[in-house]
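Below is one structure, written out as structure tokens; the observations come after it.
Coordinate-derived values only; no laboratory data. This is a predicted model, so every value here is computed, not measured. Please note: Cβ atoms are built from the backbone with ideal geometry, for glycine as well, and neighbour counts cover all protein chains shown.
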Amino acid sequence: MAHVLARLRGVKLDEIELVLLSDAAEHAERGMTLEHLWQNADDQEEVLFLFQADDLNQAREYIAELHEQAKKAFPGMPLPVILFLN
């Protein structure tokens, strides 16, 4: 089973949770389901989240597309570090 692990700094857990919940339907259309959302106990402005992914290549393409759009719309916005796991 494939997974996508994201680590994002400079954000609050409740902010990211709202974004992930509002994007859940689109994620599902792209074969991604949020499994876990964590806040770093030692750094309150770092969150990690884990998606199950039906297809890692599709997930890569989708995330690259999202990041490109975010860079254009919000230069300087923190983007997560992404790990694709098999």
**Q.** Residue, nearest to PRO80 (Cα to Cα), within the stretch 36-57, restricted to residues that are surrounded by 12 or more Cβ atoms within 10 Å (Cβ to Cβ) and of a type in the set (Asp, Glu)
**A.** GLU46
Q: Looking only at the stretch 21-39, count how many residues are within 12 Å of the chain's Cα centre (by Cα) and either within 13 Å of ILE63 (Cα to Cα) or among the polar types (S, T, N, Q) (or both).
A: 4
(Q) So ARG30 passes all but one of these: (1) touching a strand residue (DSSP E or B) at 6+ places or on another chain (Cβ under 8 Å); (2) surrounded by 12 or more Cβ atoms within 10 Å (Cβ to Cβ). Which condition number does it fail? (A) (1)
Q.
Take the conditions on the phi < 0 side of the Ramachandran plot, under 13 Å from the mean Cα position of the chain (by Cα), crowded, with 16+ Cβ neighbours inside 10 Å and touching a residue at least 60 places away in the same chain (Cβ under 8 Å) and apply them to ALA6. Does it pass?
A. yes
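Give the stretch 12-70 a look and list any residue that's of a type in the set (Asp, Glu) and either on the phi > 0 side of the Ramachandran plot or touching a residue at least 12 places away in the same chain (Cβ under 8 Å) (or both), or say none.
Within the stretch 12-70, the first condition is being of a type in the set (Asp, Glu), and the residues that meet it are 14-15, 17, 23, 26, 29, 35, 42-43, 45-46, 54-55, 61, 65, 68.
Once the filter is applied, which keeps residues that are of a type in the set (Asp, Glu) and either on the phi > 0 side of the Ramachandran plot or touching a residue at least 12 places away in the same chain (Cβ under 8 Å) (or both), the stretch 12-70 yields GLU17, GLU35, ASP43, GLU45, GLU46, ASP54, ASP55.
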